[in-house]
1. From the helices alone, meaning DSSP H stretches of at least four residues, give me the mean residue ellipticity at 222 nm for the protein assembly as shown, per-run term -39500 (n - 2.57), in deg cm²/dmol to the nearest 500.
2. Quick check: residue separation of B:L94 and B:F32 times 0.36 nm, minus the Cα distance between them. What number comes out in nm?
3. Apply the Kirkwood formula to the protein assembly as shown: the hydrodynamic radius equals the inverse of the mean of 1/r over all pairs of different alpha-carbon atoms; give it in Å with one decimal.
4. Please list, in order along the range A:92-100, the HN-Hα scalar couplings obtained from phi with the Karplus expression 6.51 cos²θ - 1.76 cosθ + 1.60 (θ = phi - 60°), rounded to whole Hz, x for Gly and Pro.
5. With a Förster radius of 25 Å, plug the Cβ-Cβ distance of A:R33 and B:A63 into 1/(1 + (r/R0)^6) and report the FRET value to the nearest 0.05.
6. Let's test the formula: R0 of 35 Å, r as the Cβ-Cβ distance of A:T144 and B:Y106. What FRET efficiency results, to the nearest 0.05?
7. Could you work out the per residue convex hull volume over the alpha carbons of the range A:36-229, in cubic angstrom?
8. For A:I100, A:I147, what ranking results if the residue with the fewest other Cβ atoms within 10 Å of its Cβ goes first?
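Values in this text are rule-based calculations from the coordinates and carry no lab data. Just so you know, these numbers come straight off a predicted model, no measurement behind them. Reconstructed Cβ throughout: ideal geometry from the backbone, glycine too, with neighbour counts over all protein chains shown.
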Amino acid sequence: MSNAMTDRRDREVLTPSLREIAADWSADQEVFRHTHWGKAMMWIFLLSDTFIFSCFLTGYMTMRASAVLPWPNTAEVFALTIGGQDIPLVLIAIMTFALISSSGTMAMAVNFGYRRDRRKTAALMLLTALFGLTFLSMQAFEWTKLIHEGVRPWSNPMGAPQFGASFFMITGFHGLHVTCGVILLLIIASKVARGHYDRTGDYSSVEIAGLYWHFVDLVWVFIFAFFYLW
Amino acid sequence: MQHEIPSTDTSVVHEAQHHPISLYLKVWGYLFLLSTLSYLVDYMHVQGIVRWTLIILFMLLKAGLILSIFMHLAWERLSLIYAILVPPLVLLVLVRIMTIEADYAYWTRAIFMGGGG
């Protein structure tokens, strides 16, 4: 760090945050030295994952915009009959609430992790995993229902054949992420419960697992908007 | 977005973050509200440009809340924030290219393939 080299003019022109960026990126290979290495790596992984999901969603956009047959009405396709009434998209709405709730409990788990509250952290992480499993079982139900109705990756009785390909690819890949997330949460939660992080004195793993989990929720926000509601 | 003015001592590591639990509950509530609103957009059969605007608006608000509060991005260093948020912007170029491509494919199918294909 060469604070002496920044003259007064720079100090007046640049805001403290911008000066911080300049200092970070000019310090050779250690831009993220203020961040826990695991956290920085997780963020970089999530960035690459963002590109993967964006490619899926862009592919979906391309297929839907170039389809000559009408796109199936998602409100009807994902409707459930409850009490003799067709309620549009209701299962997807419940799945959304389950995933948001899991994000809420995860955020609190991270918070209690920083307070070194072993029991509450582990319990909240288990609750998060449980919400994740709820989401997954509803997704399994949804897939089963659609497959029974004749939806295939190459065709479906409702309209544009591209619908099935986008649906199975996008929700399947997201479901895979949720599954991995649940496994990761269970592993970290059991380590928390056994006091592993109390011994090492570093609860960062909880926050890193949390980042991954929130990302899964974040992706769902985009899938919900573009695939189900559009 | 509140941003702490970083201390001049760059060796300080921001680590332990003690935000009140009520903050997370509040964000949780907002996310529920926004999800309900975007569900209502579909339920009320809002169509056309209003529908797309509302969907995108609620989506971006939810994404912003998750990123800034739940993922603690609001309290990270600006270098990390920019490293995460700027690269995805190039995806807009991909989206633009693929819109042109999809338009071309659509009209090719409609005109030369008898609406099939």
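1. On the way: 13 runs with 234 residues, N = 347.
Calculated from helices alone, the mean residue ellipticity at 222 nm is -23000 deg cm²/dmol.
2. Numbers: separation 62, 0.36 × 62 = 22.32 nm, distance 3.16 nm.
Extra length from B:L94 to B:F32 when fully extended: 19.2 nm.
3. Values: mean 1/r = 0.0449 Å⁻¹.
Roughly 22.3 Å, rounded to one decimal.
4. So the J values, rounded to whole Hz, are 5, 5, 5, 4, 4, 5, 4, 6, 5.
5. Numbers: r = 28 Å, r/R0 = 1.13.
E(calc), rounded to 0.05, equals 0.30.
6. Working: r = 33 Å, r/R0 = 0.93.
Given R0 = 35 Å and the Cβ-Cβ separation, E is 0.60.
7. On the way: hull volume 20.9 nm³, N = 194.
For the range A:36-229, the hull spanned by Cα atoms encloses 108 Å³ per residue.
8. Details: A:I100 24, A:I147 12.
Going from least to most buried by this count: A:I147, A:I100.
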